[in-house]
Amino acid sequence: MLILGETGSGKEVVARIIHDMSDRREQPFLPINCASISASLAESELFGCRKGAFTGADAQKKGKLELANKGTIFLDEIGDLPVESQAKILRAIEEKKFERLGGTETISVDVRVITASNKNLQQMVADGQFREDLYYRLSVIAIILPPLRERTEDIADLVRL
């Protein structure tokens, strides 16, 4: 699922509502801002790591996908996810399994993935900055949020959240 809209238009609010209205509402909702994760740490954050996988990995760590098992992970600003990590997230979405960084054990997960972006992902695909197969997988269900300036009646509700 892909939610598109300008910054501040309420994409995360919509993702939370989808989660809260689903059968997964009692399970975790983990929002991740892909723009705030450095390229070198993206895979470790999302998939976890095995002890010794890289300098500083002094313990095995579960990734956000594993922590969101049975629930929902919200990947905000998916357009900022490094291209190298996009293939792994696509595989995890399609196969519902992945491996921790430096690991060989396959971990199965049942997680709903909701993504959002304020960027033109179609243009990023054309420019080679976003994987076409991932874009088509995410955009099967696309929600386009109009900017708040076109829905001023929603501002009071968003402020209360």
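The values are calculated or read from the model by the stated rules, or taken from the named source; none is laboratory data. Quick caveat: nothing in here was measured; it's all calculated off a predicted structure. Glycine also receives a Cβ, built like all others from the backbone with ideal geometry; neighbour counts cover every protein chain displayed. Keep in mind that these areas ignore ligands, DNA and RNA; they rest on the heavy atoms of the full protein, side chains included. Shrake-Rupley method; radii C 1.70, N 1.55, O 1.52, S 1.80 Å.
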Helix 11-20 versus the longest principal axis of the chain: what angle, 0 to 90°, nearest 10, using Cα atoms?
80
Partner lysines whose C-alpha sits under 22 Å from that of LYS11, ignoring same-chain residues fewer than 8 away, are LYS64, LYS70, LYS119
Once the convex hull of the alpha carbons of the stretch 44-116 is built, what does its volume come to per residue, in cubic angstrom?
86
Give me the aspartates and glutamates in straight-line cross-link reach of LYS97: C-alpha distance below 18 Å, same-chain residues under 8 apart excluded.
GLU43, GLU45, GLU66, GLU84, GLU105, ASP110, ASP133
Over the stretch 64-161, what is the relative contact order in whole percent, taking alpha-carbon pairs under 8 Å and six or more residues apart?
31
List, largest first, the extents of the alpha carbons of the stretch 103-155 along their principal axes, each in whole Å.
50, 29, 19
Enumerate the amide H contacts of GLY48 below 5 Å, restricted to partners 5 or more residues apart or on another chain; note that Pro and chain-start residues carry no placed amide H.
GLY63, LYS64, LEU101
So what's the Cα pair-distance distribution over the stretch 36-161, bin width 10 Å, in %?
12, 38, 30, 16, 4, 0
With every protein chain in place, the accessible area of ARG25 for a 1.4 Å probe, in Å² rounded to the nearest 10, comes to 120
Restricting the stretch 1-92 to GluC sites (Glu not before Pro) in coil, as DSSP defines it, with at most 10 other Cβ within 10 Å:
GLU26
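What percentage of all Cα-Cα pairs in the stretch 1-56 are separated by more than 16 Å?
Cα-Cα pairs of the stretch 1-56 separated by over 16 Å account for 58 percent.
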Per-residue ellipticity at 222 nm for the chain, helices alone: DSSP H runs ≥ 4 residues times -39500 (n - 2.57), over residue total, nearest 500 deg cm²/dmol?
-8500 deg cm²/dmol
